[in-house]
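Structure, as structure tokens:
The values are calculated or read from the model by the stated rules, or taken from the named source; none is laboratory data. None of the values given here were measured: they were computed from a predicted structure. Cβ coordinates were reconstructed from backbone atoms using ideal geometry, including for glycine residues, and neighbour counts include every protein chain displayed.
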Amino acid sequence: MKKSGFVALIGRPNVGKSTLLNQVLGQKVAIMSDKPQTTRNRIQGVFTEDRGQIVFIDTPGIHKPKHKLGDFMTKVAQTTLREVDAVLFLVDAKEGRGRGDDFIMDKLKNVDTPVFLVINKIDEIHPDELLPIIDEYRKEFDFTEVIPISALQGNNVTTLVDQVFSYLEEGPQYYPDDQITDHPERFLIAEMIREKVLHLTHEEVPHSIAVDIEQIKERDNGKVYVGAVVVVERSSQKGIIIGKQGKMLKEIGQRAREDIEAVLGSNVFLELWVRVEKDWRNKAKYLNEFGYRDDEY
């Protein structure tokens, strides 16, 4: 009989949860950015091998909400804790413990399942700094295991997976062997476009963007046509994303198309537009339209 279970990745924004998920799976299912709060919804990554199956749930970073979208993200993360077989609490070795970490540990005191402290980005600190970091967190919470890793470089990630399996019980296989995520293609494509916008616009356009996939259609020539709209909150942001003579939007499209083709396994014709919807992050109509449905949690 094989083992199986659901495991939550939780932590402050930008601690490397999506990087870890992609590293474990060996393929990108969660978008990565150096900006906090990149993940907005629960992204399930499925890891299957001879021992069984782990369904990792990458949650949004827990933070103090500033708008309805932020409320949704925090609610998603906290709801996930009640539905899993184990929790991986990721912290940033370089940043040090903060109030956000204390807030999460307080929430974790109500969790009955094993909680691992996963200290990420150990490649960015001196080895002598690691033990004091472990001691600092252990004083606040009785963790089941403490595992230092570098999600980006892959250091100790195999050990982490081994430890997770050791705490899981025998159970069914929830997904086929070759499935690595439960999200539909439409969701993944939107996330890939959003990732490129975040990468290329840097600090000029904050997290006030969404991507709405209007059409995915296979054409007679074998190419897949994807029509998508990048939604922003202000006209000035629209100008930044389009860029001078449309150069920025073209670059976003070219980079996103490469990722989309890798996922679909087909040649892709990607057409992008930019639309302004003022203050969309505080409007239930747009939150529902763009996939942030509060009634699901």
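The table below lists the values:
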read-out: Single condition GLU140 does not satisfy, out of (1) within 20 Å of the chain's Cα centre (by Cα); (2) closer than 18 Å to ALA93 by Cβ; value: (1)
read-out: Some residue of segment 229-238 being surrounded by 15 or more Cβ atoms within 10 Å (Cβ to Cβ) and without any contact (Cβ under 8 Å) to a residue 40 or more places away in the chain; value: yes
read-out: Residue within segment 88-103 that is part of a strand (DSSP E or B), in the same structural domain as GLN53 (by TED's automatic domain parsing) and more than 23 Å from VAL46 (Cα to Cα) present; value: yes
read-out: From the options GLN37, GLN23, residue that is within 26 Å of GLY96 (Cβ to Cβ) and at pLDDT 90 or above; value: GLN23
read-out: Identity of the residue in segment 136-166, in contact with a Lys or Arg (Cβ under 9 Å, 6 or more places away or on another chain) and of a type in the set (Phe, Trp, Tyr), that ends up surrounded by the fewest Cβ atoms within 10 Å (Cβ to Cβ); value: PHE141
read-out: Residue match in segment 116-128 (condition: surrounded by 11 or more Cβ atoms within 10 Å (Cβ to Cβ), of a type in the set (S, T, N, Q), part of a loop (DSSP other than H, G, I, E, B) and in contact (Cβ under 8 Å) with a residue 12 or more places away in the chain); value: no
read-out: Answer from LEU90, LEU117 - the residue that is under 17 Å from GLY16 (Cβ atoms) and touching a Phe, Trp or Tyr at 6+ places or on another chain (Cβ under 6 Å); value: LEU117
